[in-house]
1. Given the conditions (1) under 20 Å from residue 52 (Cβ atoms); (2) buried (at least 21 other Cβ atoms within 10 Å of the Cβ), which single one is not true for residue 205?
2. Does residue 114 satisfy the criteria of being in contact with a strand residue (DSSP E or B) (Cβ under 7 Å, 6 or more places away or on another chain) and not in a strand (DSSP E or B)?
3. Within the group 134, 105, which residue is touching a residue at least 12 places away in the same chain (Cβ under 8 Å) and not in a strand (DSSP E or B)?
4. Within the range 35-72, can you find the residues that are free of Cβ contacts under 8 Å to residues at least 60 places away in the same chain, part of a strand (DSSP E or B) and not aliphatic (A, V, I, L, M)?
5. Output the number of residues of the range 138-174 satisfying the condition of being part of a strand (DSSP E or B), more than 22 Å from residue 49 (Cβ to Cβ) and not hydrophobic (A, V, I, L, M, F, W, C).
6. For the list (1) closer than 28 Å to residue 191 by Cβ; (2) charged (D, E, K, R); (3) touching a His at 6+ places or on another chain (Cβ under 7 Å), I need the number of the one condition that residue 51 fails.
7. Residues 62, 69, 83: which one is at pLDDT below 95 and either touching a Phe, Trp or Tyr at 6+ places or on another chain (Cβ under 8 Å) or assigned by TED's automatic domain parsing to the domain that holds residue 146 (or both)?
8. Can you give me the number of residues within the range 113-133 that are buried (at least 18 other Cβ atoms within 10 Å of the Cβ) and in contact with a helix residue (DSSP H, G or I) (Cβ under 9 Å, 6 or more places away or on another chain)?
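The values are calculated or read from the model by the stated rules, or taken from the named source; none is laboratory data. Keep in mind the model is a prediction, meaning the values are calculated, not measured. Glycine gets a Cβ as well: all are built from the backbone with ideal geometry, and neighbour counts include every protein chain shown.
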Amino acid sequence: MYKLTRNLHYIGFILILTVLSCNKEDNNQGHNPCGDKFTAFISSIDLQNCKYKTGSYWVMKDSVENTFDSILVKSSNQGFIDDICGNYYEIHSFKTISSYSSKLTDYVVVAGGLFKGFDGTPNSGTQIYDDFNTTSSMTNYVVEHFDSIFIYDKYYMKVLQVEIENDPTENHNKSLYFINSEFGFLRHDIYVDNILTSKKVLVRKYIVR
């Protein structure tokens, strides 16, 4: 009798699991893990202003090393990229070259901000700027707003300072970026083991949009 009762309990347990499993499958039928498709446009006026085009350049002076460097936009492109879910993102990409080191750097402007080290895929690169008027924070970064800040020989308005403790685009050293959308790259500090090793400030610029 005990064996029969135990077998009935076991069969009942299996039946319950089967019913629950069927219900779960029914609930998941037609479920799309990607959700509804969308297209993300660069709607922010501030970020639209960051669409620097071929021919733009920034002349920077490194006050630590006492050197000059010209950062030239050698190419730029406008278009869309898509992800594995079929969502589309409007992008403006541009590539710069350093006259001092000949280093090439890829940038992209998307709805989420300005990214450095872009590799052509969604969500790639290191975010170094976002809409000054709307952003209050950026993931894992320290952000500070300056309504006005003096750099080299003049005041610049609406400047965003972004502090990145571990910057992949600078050999994982600490970086401080000072950017406004009107003139672009205003200042860039690099720290190695908490020692300031480079402080590039904007001397001259020429912006093409």
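1. (2)
2. No; evaluated as a whole, the condition is false for this residue.
3. Matching residue, one of 134, 105: 134.
4. Of everything in the range 35-72, those that are free of Cβ contacts under 8 Å to residues at least 60 places away in the same chain, part of a strand (DSSP E or B) and not aliphatic (A, V, I, L, M) turn out to be 39, 67, 70.
5. 6
6. So the condition that residue 51 fails would be (1).
7. Details: 62 fails: at pLDDT below 95; 69 fails: at pLDDT below 95.
After applying the criteria, what remains is 83.
8. Of the residues in the range 113-133, 10 are buried (at least 18 other Cβ atoms within 10 Å of the Cβ) and in contact with a helix residue (DSSP H, G or I) (Cβ under 9 Å, 6 or more places away or on another chain).
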